[in-house]
Amino acid sequence: MTSNTPAWTKEIPTAAIVLADGTIIEGKGCGAAGVVQAEICFNTAITGYQEILTDPSYAGQIVTFTFPHIGNVGANDQDQEMLEAGKSDGAVGAVFKADITNPSNYRSGQHLDAWLKDRGIIAMSGIDTRALTNLIREKGLANCVIAHAPDGKFDFEDLKKRAQEWSGLEGLDLAKTVGHGQEKPWSEKPWVWNEGYSNQDAENYHIVAMDFGVKRNILRLMAGLGCKVTILPATATAQEVLAQKPDGVFLSNGPGDPAATGEYSVKAIQEILKSNVPVFGICLGHQMLALALGAKTKKMHQGHHGANHPVKDYTTNKVEIVSMNHGFAVDADTFPDGVKETHVSLFDGSNCGLEVEGKPIFSVQHHPEASPGPQDSHYLFKRFLNLIKESKGEALVSEN
């Protein structure tokens, strides 16, 4: 069929995604111009695009948003998860169905397109994100290149070669890249409507957080429970952690292959576990703990990325709606004696939590600091607090 649309009215594609298998997807460029190699995934959340794009766990990835309206609340200085405000180590790319929506929210400080440019995030709109999501579901998480060229000129053979030559996330340690890299105190508490953030002024317990790419809201929730929080880099030794005289040790979320990060962190975690200090891990921290206990991790076909995932807590027999962001999973079949599965995904049965029997040690794969349910999993921070209290012979708090 011949089109009756004059050639001069046709919009020239200014952005493209090229998969390692040669698949080319063209659209309209937005955000920063340039080219970047990454792994492409999809996220099914309908809110929180700024938190998603600044989550350090998305380092080395391009996020395809299945929700069509992105940009409607703009961007601001508060809704970010990266520990350092000036760093840009979260997602490197983003894909939207529709053009970025103009902001309409009293908290907005910047149009999302300008915010993307400032952070160096390459983005693309105007494509069938449902079709792209189905492609990822069928073929799995794929290595690719996303490119934005305002003049619409692309060397597709070169882009295909770049996609094929990228090493991918397997075997890649990113925790040292996105982490703060040095000791840092934290006192900020959770956001309160019409008040914003406040600082903790009654620090009853000391938690040391090993920073593999920690999210701000995790730290806020611990501070909100009356805890002094000290952040140490992912490369901290057990001696450095224990020298802080912590009442509890937290293993944070983060990006990359847990086996690669484990090459330097597992030994430290194993030494920390011998001290009997309560330990709590989230996401990559869960995987790090599993490796330290002798279990194994594996790459997932499409990963879990979204804010609508049902997870069952075997310790309470309750089902929670949780936020997830991981492309690797702990293999529960490799748990040694004394390690018990506590949480499981009701989507695919993959492991989402563990505990060490008789010891104050536990972790979860999902993100309990998020609010998709809206706060179904916040009790886990109180569970950590209770392990600390129990170790001191103090009265426990309700997890409800």
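Readers should treat all values here as calculations from the given coordinates under stated rules, not as data from a laboratory. A quick note: this is a predicted structure, and the numbers were derived from the prediction, not measured. Reconstructed Cβ throughout: ideal geometry from the backbone, glycine too, with neighbour counts over all protein chains shown.
Taking each DSSP H run with n ≥ 4 as -39500 (n - 2.57) and averaging over every residue of the chain yields -6500 deg cm²/dmol at 222 nm. First check a/c for the range 175-391, with a ≥ b ≥ c the square roots of the eigenvalues of its C-alpha gyration tensor; if it is under 1.5, answer rounded, and if not, answer prolate when a/b is larger than b/c or oblate otherwise. Rounded.
Taking Cα pairs under 8 Å and at least six residues apart, what relative contact order does the range 175-391 come out at, in percent? Taking the mean separation of contacting Cα pairs over the length of the range 175-391, I get 17 percent. I'd like the orientation of helix 258-273 relative to the chain: the angle between its Cα long axis and the longest Cα principal axis, in ° from 0 to 90, rounded to 10. For 258-273 against the chain, the angle is about 10 degrees. Database remark: amide H of Lys228 closer than 5 angstrom to the amide H of Asn204, Tyr205, His206, Ile207 (H placed geometrically; neighbours at sequence offset of 5 or more, or on other chains; Pro and chain starts carry no H).
For the range 175-391, DSSP calls about 60 percent of its internal beta bridges antiparallel. The ranking of Ser88, Ser398 from fewest to most other beta carbons within 10 Å of each one's beta carbon is Ser398, Ser88.
Here the residues Met300, Met222, Met288, ranked from fewest to most Cβ neighbours within 10 Å of their Cβ, fall in the order Met300, Met222, Met288. Based on Cα contacts under 8 Å between residues 6+ apart, the chain shows a relative contact order of 14 percent. For the range 222-231, backbone phi angles converted through the Karplus equation (6.51, -1.76, 1.60; θ = phi - 60°) give residue-by-residue couplings of 5, 5, x, 8, x, 10, 7, 10, 10, 8 Hz, Gly and Pro being listed as x. Mean sequence separation of contacting Cα pairs (under 8 Å, at least six apart), scaled by the length of the range 7-165, corresponds to a relative contact order of 36 percent. In loop segments of the range 283-377 as defined by DSSP, the GluC sites (Glu not before Pro) with at most 11 further C-beta atoms inside 10 Å of their C-beta are Glu357. The base-10 log of I(q)/I(0) for the range 7-165, evaluated at q = 0.11, 0.17, 0.21 Å⁻¹, reads -0.40, -0.96, -1.43 [Debye formula, identical scatterers on Cα atoms, solvent excluded]. Under 5 Å from the amide H of His366 lie the amide H atoms of Cys283, each residue being 5 or more positions distant or on a separate chain, with H modelled from the backbone and absent for Pro and chain starts. Give the separation of the Cα centroids, the range 110-130 to the range 52-77, in Å. Between the Cα centre of the range 110-130 and that of the range 52-77, the gap is 9 Å. In terms of its C-alpha gyration tensor, the range 262-400 comes out oblate, because a/c is 1.5 or above while a/b does not outweigh b/c. Among the listed pairs Lys215/Lys312; Lys228/Lys267; Lys184/Lys382; Lys189/Lys389; Lys189/Lys299, a Cα-Cα separation exceeding 32 Å is found for Lys189/Lys299.
Rounded if a/c is under 1.5, else prolate if a/b is larger than b/c, else oblate: which is the range 51-101, with a ≥ b ≥ c the root eigenvalues of its Cα gyration tensor? In terms of gyration-tensor shape, oblate. For the chain, the longest principal axis of the C-alpha atoms and the axis of helix 379-391 are separated by about 20°.
Of the beta bridges in the chain, as assigned by DSSP with both residues counted there, near 65 percent are antiparallel.
The angle between the Cα long axis of helix 156-165 and the main principal axis of the chain comes to about 20°, on a 0 to 90 degree scale. Rounded to the nearest angstrom and listed largest first, the equivalent-ellipsoid semi-axes of the chain from its Cα gyration tensor are 38, 23, 19.
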